[in-house]
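Right, one structure below, let's go through it.
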Amino acid sequence: MRDNAAIAERHPKKAFLVLFFIEIWERFGYYGMASLMVLYMVERLGLADARADAIWGAFSALVYSMPVLGGWLGDRVLGARRTMVLGAITLGLGYLLLSVPLAASFFPAMGLIALGNGLFKVNPNNLVSRLYEGRYSRLDILFTIYYMSLNIGSFVSILLTPWIKNHPQWSIVLGPLHFDSWHLAFGLSAIGLTLGLLNYGVFRRYLLPYGAKPDFEKLRWSRLAAVVAASLAIAWLLSEIVRHRPIALAVVGGFLLLMIYVFAHLLVTGERSDRRRVIACIIFTFMSVVWAIYNQQIYTSLTLFALRNVRHSLLGIHVSPAQFQDLNQFWLVVLALPLAWLYQRMGRTRRGDFSIATKYAAGLYLLAAAFFLYAAGSLTAIGGIVSPVWLVAGYAAQSLGELLISALGFSMISQLVPQRSRGIIMGAWFLGMGVSLYAGGAIAGLASIPPGMTDPRATLPIYSGLFAWFGGGISVDGERPSPPSFALLASGRLRTKQSKVLVALAPEIEEDWGE
């Protein structure tokens, strides 16, 4: 323990870098796969838009709902570090299976990826929050920079994966298996996870002082074997859920009830001060749910919109439909450090940094503005084809909103929740986003293009109508305005609640957990 304490005292920054780089490679794998999945189902498997959107929505719901399991295993069973490694291994196996050119392997691969993401996702965030325990005034800055790591890896993979896919002449034949460019692109994700695990294995000593209670106990191999066996069964079950839409809907409903139970249990069993913090977490989780519905459009309706109604060139460079997703990662990386600098500068003023509630409300307004821009682009279309400049501008607003909401969700939980419940609450937070991602996929299906409709002038009103509905307050048909967007309604609700709950919590948090 003395050695661990010495490492903790001397090298918290190195421990942060270990987590920073394993997140880079994990996100490299996930977003490389995500950039192609809906297109793969539509273009390669021949599924209708609505069916592909529904499968991706169910898969995304499982991806973001399973962290409640990973948080519980990290807090109570294996420890955060061990569960993180188990999740990374599971993800790698899922990507490897996805790259196998067999129809029977598609859904089992999705099951492994959903489970692996659940085991992995919450635990690095949990470990980051422990690096500067008790110094919460720095967490907004720390998590904003940490969030940037997620997008460095995804930015590179979204460039490379569609690029590999776009070279159909590239293929490998191994016996009866023919690995074409699609499957070679998916295989790149497995390589990313392998590099991430190698990074952790070389530098894991810097993380030894940090973790949940089970991390500092001797590993019980029988317990690990039981977890692995249960994980394989769960992965198979998840693959069946994704395959069957009615089952997926029922499971998502169950996840919603589970999230309600987790928060209700903490409200009933917690002390008075803890209950007030849980109420604040519930409010912020609802705002994150709204963000996730909008974010899901990146991989569904916005990608299919780019396929059919956006000019495939930017600054004279050819851009494939999947690569337009990289605008999100580009802006996240570009804007993260200036935003962290702004937080630091505001923190030094007499007024202090903006409250998390203010940041969330601003982020929600930016989401609505982004979809207003996507819809407005249709007004300048030529022959049904929109300039990619509208996507550049829209993604800039959407990405800044994401930094103000999703990145600070980790910080919010770290500031409001005691250590003993942090992993479970983070899992519940992801659970809420999982439910909303399913909803986002279902909403994207409203813009499903009928089979045989290939004229951009016919498909454009379908997409612009959906984006106008998300943006609120713009009429694309000149007859009636679209209804107010989720983001605008939620931001108004947040402003109301802020005065009643969040401001009341501020002095208490500052007194109990201030630096």
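Table: residues versus (1) farther than 30 Å from Leu437 by Cα; (2) open to solvent by 50 Å² or more (accessible area, probe 1.4 Å).
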site	(1), (2)
Asn199	yes, no
Pro209	yes, no
Ala229	no, yes
Leu238	no, no
Pro246	no, yes
Phe284	no, no
Met287	no, no
Leu304	no, no
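Considering each of Ala393, Ala361, Ala397 in turn, give the residue that is surrounded by 17 or more Cβ atoms within 10 Å (Cβ to Cβ), in a helix (DSSP H, G or I) and either among the β-branched types (Val, Ile, Thr) or touching a residue at least 40 places away in the same chain (Cβ under 8 Å) (or both). Even if it seems obvious, please write down each step before you answer.
Details: Ala393 fails: either among the β-branched types (Val, Ile, Thr) or touching a residue at least 40 places away in the same chain (Cβ under 8 Å) (or both); Ala397 fails: either among the β-branched types (Val, Ile, Thr) or touching a residue at least 40 places away in the same chain (Cβ under 8 Å) (or both).
Being surrounded by 17 or more Cβ atoms within 10 Å (Cβ to Cβ), in a helix (DSSP H, G or I) and either among the β-branched types (Val, Ile, Thr) or touching a residue at least 40 places away in the same chain (Cβ under 8 Å) (or both) holds for just one of Ala393, Ala361, Ala397, which is Ala361.
Which ones in the stretch 18-67 are closer than 22 Å to Gly187 by Cα, open to solvent by less than 10 Å² (accessible area, probe 1.4 Å) and more than 15 Å from the chain's Cα centre (by Cα)?
Of everything in the stretch 18-67, those that are closer than 22 Å to Gly187 by Cα, open to solvent by less than 10 Å² (accessible area, probe 1.4 Å) and more than 15 Å from the chain's Cα centre (by Cα) turn out to be Ile22, Leu36, Met37, Val38, Leu39, Met41, Ala52, Ile55.
For the stretch 209-230, give me each residue that is part of a loop (DSSP other than H, G, I, E, B) and at negative phi. Talk me through it step by step, then tell me what you get.
Taking the stretch 209-230 and keeping what is part of a loop (DSSP other than H, G, I, E, B), we get 209-212, 217-220.
Scanning the stretch 209-230 gives Pro209, Tyr210, Ala212, Glu217, Lys218, Leu219, Arg220.
Kindly indicate whether Ala280 is part of a helix (DSSP H, G or I), at pLDDT below 80 and under 22 Å from the mean Cα position of the chain (by Cα). Walk me through how you get there before you give the answer.
Numbers: part of a helix (DSSP H, G or I): yes; at pLDDT below 80: yes; under 22 Å from the mean Cα position of the chain (by Cα): yes.
Yes: the conditions hold for Ala280.
For (1) basic (Lys, Arg); (2) part of a helix (DSSP H, G or I); (3) more than 20 Å from Met433 (Cβ to Cβ); (4) open to solvent by 20 Å² or more (accessible area, probe 1.4 Å), each residue gets a yes or a no:
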{"site": "Gly92", "(1), (2), (3), (4)": "no, yes, yes, no"}
{"site": "Pro101", "(1), (2), (3), (4)": "no, no, yes, yes"}
{"site": "Phe107", "(1), (2), (3), (4)": "no, yes, yes, yes"}
{"site": "Met110", "(1), (2), (3), (4)": "no, yes, no, no"}
{"site": "Ala114", "(1), (2), (3), (4)": "no, yes, no, no"}
{"site": "Gly118", "(1), (2), (3), (4)": "no, yes, no, no"}
{"site": "Asn125", "(1), (2), (3), (4)": "no, yes, no, no"}
{"site": "Ser129", "(1), (2), (3), (4)": "no, yes, no, no"}
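Only one of these conditions is not met by Gly253: (1) open to solvent by 40 Å² or more (accessible area, probe 1.4 Å); (2) part of a helix (DSSP H, G or I). Which number is it?
Checking Gly253 against (1) open to solvent by 40 Å² or more (accessible area, probe 1.4 Å); (2) part of a helix (DSSP H, G or I), the one that fails is (1).
When you check Ser355 against the structure, is it modelled with pLDDT under 75 and either over 20 Å from Asn125 (Cα atoms) or surrounded by 22 or more Cβ atoms within 10 Å (Cβ to Cβ) (or both), yes or no?
On the way: modelled with pLDDT under 75: yes; either over 20 Å from Asn125 (Cα atoms) or surrounded by 22 or more Cβ atoms within 10 Å (Cβ to Cβ) (or both): yes.
Taking the combined requirement at face value, the residue satisfies it.
Residues to consider are His167, His183, His178; find the one that is closer than 17 Å to Leu98 by Cβ, touching a Ser or Thr at 6+ places or on another chain (Cβ under 7 Å), open to solvent by 30 Å² or more (accessible area, probe 1.4 Å) and modelled with pLDDT of 80 or more.
Values: His167 fails: closer than 17 Å to Leu98 by Cβ; His183 fails: open to solvent by 30 Å² or more (accessible area, probe 1.4 Å).
Unique residue meeting the criteria: His178.
Which of (1) more than 28 Å from Ile158 (Cα to Cα); (2) touching a Gly at 6+ places or on another chain (Cβ under 9 Å) does Leu257 not meet, given it meets every other one?
So Leu257 meets the others, but not (2).
The values are calculated or read from the model by the stated rules, or taken from the named source; none is laboratory data. Because the structure is predicted, anything quoted here is derived from the model rather than measured. Every residue, glycine as well, gets a Cβ built from its backbone with ideal geometry; the counts of neighbours run over all protein chains shown. The accessibility values were calculated without ligands, DNA or RNA, using every heavy atom of the protein model including side chains. Shrake-Rupley method; radii C 1.70, N 1.55, O 1.52, S 1.80 Å.
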